[in-house]
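Okay, so here's the structure we're looking at.
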Amino acid sequence: MCLLCWLCGRDQSGKCHAGLISRVAGLWLALFAVTAVVPPAPGFQRSSFDACNANWCEISSTRHAGKGGVLSRGEIAQFQKTQPSLLQQEFAGLTSSRKGETEIYTLAIAGWADLDVFVKELNGALGAMASVLPIKGRTVRLVNRRETVNTIPLANFHNFTAAVHAIGNIMDKDNDILILFMTSHGDRTGFALQLPGSITELTPRQVAATLDGDGIKNRVVIVSACYSGIFVPPLANDNTIVMTAADAHHPSFGCAPQRDWTYFGDAFFRQSLHPGADFKNAFDHARVLIHRWEMRDHAVPSNPQGSFGSALVGKLAPFFATNPGQ
């Protein structure tokens, strides 16, 4: 009996079986079960495809891998006490704004403690930006990772708002520029800040309200996370550039353990942001690379999003033209 005959419930004489409804119902139930169990992932059709680049593997890895970098709950309680002094040390390294000059400050956040790819991407992104923009001496980092808890403040909402406030107090808010770079897991409601026993979110509205509340006018916001397109509408304006690894409805790729970059971080910072390429050119080039990689992997497109406020694009143009980061 052919599959079509089985599906439609006919025997070899052409007569319909009474089991049609039950078979169809069974197929639908099976499809629903598969949809519920299997998260979004590429279609693994290439023999050379590395499954650990796929989101289903990344999700599993966040539960079972990278435990050497995780904090225990007792350690978290202990290190919470050190946060004020660590923040002050981080802020003390900031160079004051010079009158008449446009300075660029950077706040970089690695939000997920269980995977080392995010802190590696943070360090790589800062290095890439420093090669084209004068951010040295004007950078604050917030990291959730065991290896850095004695030297770098944790990435949580309190420290985020404290860092924005500290940078706002030292910068010329009308003239200077803040680059906010965030890398972690994400979902349709926010950017993940994870420590053992505690996963919170930094939402787009919280980010916008914090930046607006401190009067920071000129902002570049770069979010490397799944569903990060949710950050575009609340932040986009003429004085803001927003670049995200995905749109509001799709995951991004590449956050498996032992990787140095996510797909977005690799494409944007490592392969596209270089002397002679401004943020818009680098983002457009990165989008092409990411699309090519996702097509190769038979993955659902992440569709990175960008909004480029014309006033800020013009304000940054002299930096990319003269390449003061070199």
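The values are calculated or read from the model by the stated rules, or taken from the named source; none is laboratory data. What you see is a predicted model; the values in this text were computed from it and never measured. No Cβ is skipped: glycine too gets one built from the backbone with ideal geometry, and neighbour counts run over all protein chains shown. Surface accessibility is based on the protein's heavy atoms, side chains included, excluding ligands, DNA and RNA. Shrake-Rupley method; radii C 1.70, N 1.55, O 1.52, S 1.80 Å.
Within the range 135-155, the residues that satisfy the criterion of being of a type in the set (A, V, I, L, M) and within 20 Å of the chain's Cα centre (by Cα) are Val140, Leu142, Val143, Ile152, Leu154, Ala155. Only residues that are within 23 Å of Glu75 (Cα to Cα), open to solvent by 10 Å² or more (accessible area, probe 1.4 Å) and in contact with a strand residue (DSSP E or B) (Cβ under 7 Å, 6 or more places away or on another chain) were counted in the range 115-138, giving 1.
Return yes or no: is Phe269 surrounded by 15 or more Cβ atoms within 10 Å (Cβ to Cβ), within 21 Å of Leu133 (Cβ to Cβ) and touching a helix residue (DSSP H, G or I) at 6+ places or on another chain (Cβ under 7 Å)? Yes. Here are the criteria: (1) at pLDDT below 95; (2) of a type in the set (A, V, I, L, M, F, W, C); (3) more than 17 Å from Ser184 (Cα to Cα). Tell me which single one Ile104 does not satisfy. All conditions are met except number (1). Checking the structure you have, find out if any residue of the range 193-212 is assigned to a helix (DSSP H, G or I), basic (Lys, Arg) and surrounded by fewer than 21 Cβ atoms within 10 Å (Cβ to Cβ). Scanning the range 193-212, I find at least one residue that is assigned to a helix (DSSP H, G or I), basic (Lys, Arg) and surrounded by fewer than 21 Cβ atoms within 10 Å (Cβ to Cβ), so the answer is yes. Please count how many residues of the range 87-131 are under 27 Å from Cys226 (Cβ atoms) and part of a loop (DSSP other than H, G, I, E, B). Of the residues in the range 87-131, 5 are under 27 Å from Cys226 (Cβ atoms) and part of a loop (DSSP other than H, G, I, E, B). For the range 94-113, taking the residues that are within 26 Å of the chain's Cα centre (by Cα) and open to solvent by 10 Å² or more (accessible area, probe 1.4 Å), the one that is farthest from Arg270 (Cα to Cα) is identified as Leu94. Scanning the range 213-258 for residues that are under 17 Å from Arg287 (Cα atoms) and buried (at least 24 other Cβ atoms within 10 Å of the Cβ) yields a total of 19. Exactly one residue among Ile179, Ile170 is closer than 30 Å to Lys99 by Cβ and open to solvent by 20 Å² or more (accessible area, probe 1.4 Å), and that residue is Ile170. Taking residues in the range 90-110 that are under 15 Å from Pro134 (Cβ atoms), and partners anywhere that are modelled with pLDDT under 90, the pairs with Cβ atoms closer than 6 Å and at least 6 places apart or on different chains are Glu103/Ser97. Scanning the range 277-317 for residues that are in contact (Cβ under 8 Å) with a residue 60 or more places away in the chain, open to solvent by 50 Å² or more (accessible area, probe 1.4 Å) and more than 17 Å from Val223 (Cβ to Cβ) returns Arg296, His298, Val300, Ser310, Val313, Lys315.
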